[in-house]
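The values are calculated or read from the model by the stated rules, or taken from the named source; none is laboratory data. Just so it is clear, the structure is predicted and the values come from calculations on it, not from any experiment. Methodologically, a virtual Cβ is constructed for each residue, glycine included, from the backbone with ideal geometry; neighbour enumeration extends over all protein chains shown. Remember, those area values only see protein heavy atoms, side chains included, never the ligands or the DNA or RNA. Shrake-Rupley method; radii C 1.70, N 1.55, O 1.52, S 1.80 Å.
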Amino acid sequence: MTKISKAAELKQKALEAAKQAYHQAKKEGKLKPISA
Amino acid sequence: MSQFFESNLNGIRHHYVKFSVSHINYVMDFTNDPDVIVSLMELGDDIASLLKQRKVYTVKFAVEEYFEQENYGGDLYAPPKDHQFGKKEINELKNQLETLLLRHYKVFHPECYFFIAERASLRRMYTKMCHNRNIELRDFIPLTGLGADGDCFILQTPHFRENV
C-alpha cells in the first residue's frame with residue numbers, strides 16, 4: 001500500500017465528506033443552484 | 001456556463017460545480033467547513049499562521065463518475081480510468097480550475113483558497129497554476145510547498161491584504 005502524506009489523508013477524508021454532503025443534500029432537496 | 005450548486009446541512013456549506021476536460025467530467029468542491037479548516041492548520045505552523053482567523057475555502061475536485069456513485073468504494077481522487085492526460089489536457093484542466101475559482105471568488109470573496117496535491121502530477125499542475133496564473137489572477141499571491149510534505153498550496157486573494 002502506498003504511504004500517503006498527512007495532508008493527502010486529510011484531503012481524502014474531506015473529499016469523502018463533500019461527497020456525502022452532496023448525496024444527502026440531493027436526497028433532501030437541499031442542493032440549490034446559486035449564482036457564481 | 002457551468003452552474004454552481006450549494007448544499008447547506010447543519011450550517012456546513014459546500015459549493016459544487018461540474019466541468020469537463022477532454023470528455024472527462026469532474027466535480028469541483030469548495031468548502032469553508034470549520035472542522036476541515038481547523039484540521040488544515042494542524043498540517044504545519046506555516047499553514048496555521050496563514051489561515052488563522054481568515055476566511056478560507058478548500059478546493060478539491062474529483063472525477064464525476066466516482067463522485068456521483070453514492071456507494072463508490074474506490075479511491076475518490078483517483079485519476080480517470082484509461083485516460084492519459086497530455087500537455088494540452090493539463091492546460092485545459094488548469095484553465096477550467098482557474099476560471100471556476102475566479103467565478104467563485106467574485107461571489108464569496110474569501111481571503112485564501114487552500115489546495116492539497118496528493119499526487120506528483122497534481123503538485124506540478126498546482127505549481128504551474130500558482131506561477132503561471134491566468135491574467136485575472138495577477139493580484140492573487142501564491143504560496144507553494146507548504147506543510148511537512150510540501151504538498152499544500154495557498155492562494156491569497158486581494159481580500160487577504162485588505163484585511164491585514
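Listed values, structure above:
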item: Per-region count, the stretch B:27-45, residues closer than 21 Å to B:Leu93 by Cβ, of a type outside the set (Val, Ile, Thr) and either assigned to a loop (DSSP other than H, G, I, E, B) or touching a residue at least 40 places away in the same chain (Cβ under 8 Å) (or both); result: 2
item: Condition check for B:Arg161: open to solvent by 20 Å² or more (accessible area, probe 1.4 Å) and within 11 Å of chain A (Cβ to nearest Cβ); result: no
item: Leading residue by the ranking (most open to solvent (accessible area, probe 1.4 Å)) among those in the stretch B:22-55 that are among the acidic types (Asp, Glu) and more than 7 Å from every other protein chain (Cβ to nearest Cβ); result: B:Asp45
item: Among the candidates B:Thr99, B:Thr58, residue that is within 14 Å of chain A (Cβ to nearest Cβ), open to solvent by 40 Å² or more (accessible area, probe 1.4 Å) and polar (S, T, N, Q); result: B:Thr99
item: Residues of chain A that turn out to be within 7 Å of chain B (Cβ to nearest Cβ) and part of a helix (DSSP H, G or I), as a count; result: 16
item: Failed item in (1) free of Cβ contacts under 8 Å to residues at least 24 places away in the same chain; (2) more than 15 Å from the chain's Cα centre (by Cα), with B:Pro80 passing the rest; result: (1)
item: Selection from the stretch B:46-97 of residues that are among the basic types (Lys, Arg), under 23 Å from B:Ile12 (Cα atoms) and not in a loop (DSSP other than H, G, I, E, B); result: B:Lys60
item: Test set (1) free of Cβ contacts under 8 Å to residues at least 24 places away in the same chain; (2) open to solvent by 50 Å² or more (accessible area, probe 1.4 Å); (3) acidic (Asp, Glu) - B:Glu6 fails condition number; result: (2)
item: Failed item in (1) closer than 23 Å to B:Lys81 by Cβ; (2) within 12 Å of chain A (Cβ to nearest Cβ), with B:Phe19 passing the rest; result: (2)
item: Condition broken by B:Ala148, with the remaining ones in (1) touching a residue at least 24 places away in the same chain (Cβ under 8 Å); (2) surrounded by fewer than 16 Cβ atoms within 10 Å (Cβ to Cβ); (3) aliphatic (A, V, I, L, M); (4) under 28 Å from A:Gln20 (Cα atoms) satisfied; result: (4)
item: Test: residue in the stretch B:108-119 that is in contact (Cβ under 8 Å) with a residue 60 or more places away in the chain and open to solvent by 70 Å² or more (accessible area, probe 1.4 Å); result: no
